[in-house]
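The structure appears right after this line, and notes come after that.
The values are calculated or read from the model by the stated rules, or taken from the named source; none is laboratory data. No experiment lies behind these values; they were computed from the predicted model shown. Please note: Cβ atoms are built from the backbone with ideal geometry, for glycine as well, and neighbour counts cover all protein chains shown. Only protein heavy atoms, including side chains, enter the accessible area calculation; ligands, DNA and RNA are left aside. Shrake-Rupley method; radii C 1.70, N 1.55, O 1.52, S 1.80 Å.
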Amino acid sequence: MKDNSPGGTRRGSRSRILIIAAAGMVVLAVLAVAALDSGTDARRSDRAVPAIESSGADTVTPRASPRPSTASPIPTWEGPAVPPIDESLARGSASAPVTIVEFGDFKCPECGTFARRIEPVLRRRYVDTGIVRLFWRDFPAKGRESERAAIAARAADRQDAFWRFHDALYAEQSARLTDDRLRAVAAQVGLDMARFEADRRDPELRRAVEQDFAFATQLGLPGTPAFLINGELFFGAQPLSKFVEAIEKARHG
């Protein structure tokens, strides 16, 4: 989903993005801990990472609050609570020096462009070589079909098939994301259909999607796809060269 601002106000939108980018640098520091620390959750204790407690504020404003100590003070940061993330929603090595958090929508055409044309190259060049770790966050901003597809992908994740389902959904975006379409994709990637249908009805998966959506909204992300590359906001399915430039800057910066 593109930024819906009219063409005449795009410069203002760019200014807003720059402001959000500064906040994103703080957010990723939290995300990195949430993504990379080992931990447990109620469903998959060997792969999930716990949420990190925060103030739950609606904005991401860094406020240094030194704790009393004889050593150097440790700053704390206030911002929206970070939802748990499942390790199976990540690609790449846990020791990768660059972390990319993608906020995506299965109905978003530009997300599809990224998934089909850009991400495969980045995976070969950076993810498979241990330089980048890519995390997925749901941002179903285009309505009910987007939310339905996000829940279905989480159901596929319970059969260790999130990324196969993700790739198959984005491979063909011309069809609506109806229940029949989602069932067809589930069958295509080899899921146990009875389990898939049961998991899709599990309120826990809806809550997980809603938590990601609320998180993205509280961060003030301007649309989809949106990325945090080592804390820098990177918006839209930009040309591959721009992704490479951003990754190399994060890698060597």
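The single condition among (1) open to solvent by less than 20 Å² (accessible area, probe 1.4 Å); (2) closer than 19 Å to Ala115 by Cβ that Phe196 does not satisfy is (2). Only residues that are polar (S, T, N, Q) and either open to solvent by 80 Å² or more (accessible area, probe 1.4 Å) or closer than 21 Å to Val132 by Cβ (or both) were counted across region 201-237, and they come to 3.
Within region 238-245, does at least one residue satisfy the condition of being of a type in the set (Phe, Trp, Tyr), open to solvent by less than 20 Å² (accessible area, probe 1.4 Å) and more than 13 Å from the chain's Cα centre (by Cα)? There is at least one residue in region 238-245 that is of a type in the set (Phe, Trp, Tyr), open to solvent by less than 20 Å² (accessible area, probe 1.4 Å) and more than 13 Å from the chain's Cα centre (by Cα). Among the residues of region 223-253, just one is in contact with a strand residue (DSSP E or B) (Cβ under 9 Å, 6 or more places away or on another chain) and among the hydroxyl-bearing types (Ser, Thr, Tyr), namely Thr224.
Working carefully through the options Pro84, Pro75, find the one that is under 26 Å from Leu169 (Cβ atoms) and either at pLDDT below 50 or surrounded by 14 or more Cβ atoms within 10 Å (Cβ to Cβ) (or both). Walk me through it before giving the result.
Details: Pro75 fails: under 26 Å from Leu169 (Cβ atoms).
Answer to the selection: Pro84.
Restricting region 135-193 to residues that are touching a residue at least 60 places away in the same chain (Cβ under 8 Å) and more than 24 Å from Val82 (Cα to Cα) leaves a set whose member that is most open to solvent (accessible area, probe 1.4 Å) is Gln173.
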